[in-house]
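The values are calculated or read from the model by the stated rules, or taken from the named source; none is laboratory data. Quantities reported herein were computed from a predicted structural model and do not represent experimental measurements. Every residue, glycine as well, gets a Cβ built from its backbone with ideal geometry; the counts of neighbours run over all protein chains shown.
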Amino acid sequence: METFAAIEEFVRDHWDVVLEEPFMLGLEVPVGDSGRRQSVFLAELKNQDGRRFLRIETPVAPLAEHSPEKCLRVNLMLRTGYLAVGDLEGVPFIKLCENMLYSPTLSEQLDYMIEHVADLGDKMEVTLNKGGDWF
């Protein structure tokens, strides 16, 4: 998959798309056996030389309730993905993110990464929000 349109077609065949904007999709991904779902967002990014990347991200918890230093320490332990901060309706939120370079083999990895980000993001959300479910 080397275009966002191809990614969108693949994603629609596998998950519920709940938000659609140009070069951005919002998904509801089932996690675990309890019926929980995690919101995951996909967006196209371009770097300075024109290469395109797919960002996969999920909100985890409000930043105000957690130490930014601890978030950076967690980044060292993550094997895939990284924690970042982004605003959600004007509130700084911790997000779990992964960037993937567009490539012909992206579909082989995309399914795994969406599931992985959703599952790990949900586990972090439960832990950081004392069992609560924001997304």
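Couple of notes before you dig in:
- Residues of the stretch 83-108 that are buried (at least 16 other Cβ atoms within 10 Å of the Cβ) and either without any contact (Cβ under 8 Å) to a residue 12 or more places away in the chain or more than 24 Å from His14 (Cβ to Cβ) (or both): Leu83, Phe93, Ile94.
- Residue that is among the hydrophobic types (A, V, I, L, M, F, W, C) and over 27 Å from Thr127 (Cα atoms), where the choices are Ala6, Ala43: Ala6
- Cβ pairs under 8 Å, 6+ apart, first in the stretch 12-36 and at pLDDT 90 or above, second polar (S, T, N, Q): Val18/Ser39; Gly26/Ser39; Leu27/Ser39; Glu28/Gln38; Glu28/Ser39; Val29/Gln38; Val29/Ser39; Val31/Gln38
- Residue in the stretch 24-35 that is farther than 20 Å from Glu9 by Cα and in contact with a helix residue (DSSP H, G or I) (Cβ under 8 Å, 6 or more places away or on another chain) present: yes
- Residues within the stretch 94-109 that are in contact with a helix residue (DSSP H, G or I) (Cβ under 6 Å, 6 or more places away or on another chain), over 16 Å from Met24 (Cα atoms) and not small (Gly, Ala, Ser), tallied: 2
- Take the conditions (1) of a type outside the set (Ser, Thr, Tyr); (2) part of a helix (DSSP H, G or I); (3) surrounded by 15 or more Cβ atoms within 10 Å (Cβ to Cβ); Leu72 misses just one of them, which is (3).
- Candidate set from the stretch 110-135 (those that are in contact with a helix residue (DSSP H, G or I) (Cβ under 7 Å, 6 or more places away or on another chain) and at pLDDT 85 or above); member that is nearest to Asp33 (Cα to Cα): Asp111
- For the stretch 115-123, the condition of being out of contact with any Leu (no Cβ under 8 Å at 6 or more places or on another chain), in a strand (DSSP E or B) and under 17 Å from Glu8 (Cα atoms) holds for none of the residues.
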